[in-house]
Amino acid sequence: MTSKRAEFARQLRQSSGLSEEKVWALLRSGRIDAHKFRRQHPIDRYITDFACERLKLVIEIDGGIHARDDVAIKDHLRQTDLETMGWTVLRFTNEQVLTHPTALADAIRAHARLITL
């Protein structure tokens with residue numbers, strides 16, 4: 001039996017936007033230095049946009065709604081919880097992903113270097 005959370009994550013994967021599709025094309029199949037990312041990955045009570053277990057790294061792609069105060073507060077609390085669990089959260093806007101996709105790969109590589117020192 002599929003849990004409600006797993007079903008919700010599946011629905012999110014099937015309804016992802018252009019930015020998330022571009023990020024997934026960049027991350028899938030270990031395309032960045034063989035780091036395996038999962039899309040719409042559950043961590044505790046949250047479903048993250050992208051997560052790499054080995055790097056303990058979450059990538060969040062924020063659309064325009066994330067500029068709203070109420071959403072920004074929820075994002076901050078969620079990020080704080082994830083960081084308390086030992087994860088690093090990197091946030092990118094849709095615009096950043098679409099205009100500077102290499103910045104995402106550079107940030108992942110920089111994080112990987114930090115944790116292997």
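The values are calculated or read from the model by the stated rules, or taken from the named source; none is laboratory data. None of these values were measured; they are calculated from a predicted model. Using ideal geometry, Cβ is built from the backbone for each residue, glycine included, and neighbour counts are taken over all protein chains shown.
When the stretch 84-108 is examined, which residues are found to be of a type outside the set (A, V, I, L, M, F, W, C) and within 18 Å of I61 (Cβ to Cβ)?
Hits for the stretch 84-108 are T88, R91, T93, N94, E95, Q96, T99, H100, P101, T102, D106.
Which of the residues belonging to the stretch 1-51 are at pLDDT below 90, among the polar types (S, T, N, Q) and within 26 Å of L77 (Cβ to Cβ)?
Of everything in the stretch 1-51, those that are at pLDDT below 90, among the polar types (S, T, N, Q) and within 26 Å of L77 (Cβ to Cβ) turn out to be S3, Q11, S15, S16, S19.
Is it fair to say V58 is in contact with a helix residue (DSSP H, G or I) (Cβ under 7 Å, 6 or more places away or on another chain), of a type outside the set (K, R) and at pLDDT 95 or above? Give the steps one after another, and end with the answer.
Working: in contact with a helix residue (DSSP H, G or I) (Cβ under 7 Å, 6 or more places away or on another chain): yes; of a type outside the set (K, R): yes; at pLDDT 95 or above: yes.
When the stated conditions are applied, V58 passes them.
Answer yes or no as to whether T88 is over 22 Å from L18 (Cα atoms) and of a type in the set (V, I, T).
Working: over 22 Å from L18 (Cα atoms): yes; of a type in the set (V, I, T): yes.
When the stated conditions are applied, T88 passes them.
Could you go through the stretch 43-61 and let me know if any residue there is in contact (Cβ under 8 Å) with a residue 12 or more places away in the chain, farther than 25 Å from S3 by Cα and touching a strand residue (DSSP E or B) at 6+ places or on another chain (Cβ under 8 Å).
Within the stretch 43-61, one or more residues are in contact (Cβ under 8 Å) with a residue 12 or more places away in the chain, farther than 25 Å from S3 by Cα and touching a strand residue (DSSP E or B) at 6+ places or on another chain (Cβ under 8 Å).
Could you please tell me which pairs satisfy a Cβ distance under 7 Å, a separation of 6+ or placement on different chains, a first residue in the stretch 77-92 that is without any contact (Cβ under 8 Å) to a residue 24 or more places away in the chain and on the phi < 0 side of the Ramachandran plot, and a second residue that is hydrophobic (A, V, I, L, M, F, W, C) and surrounded by 14 or more Cβ atoms within 10 Å (Cβ to Cβ)?
Between residues of the stretch 77-92 that are without any contact (Cβ under 8 Å) to a residue 24 or more places away in the chain and on the phi < 0 side of the Ramachandran plot and residues that are hydrophobic (A, V, I, L, M, F, W, C) and surrounded by 14 or more Cβ atoms within 10 Å (Cβ to Cβ), the close pairs are Q79/V89; E83/V89.
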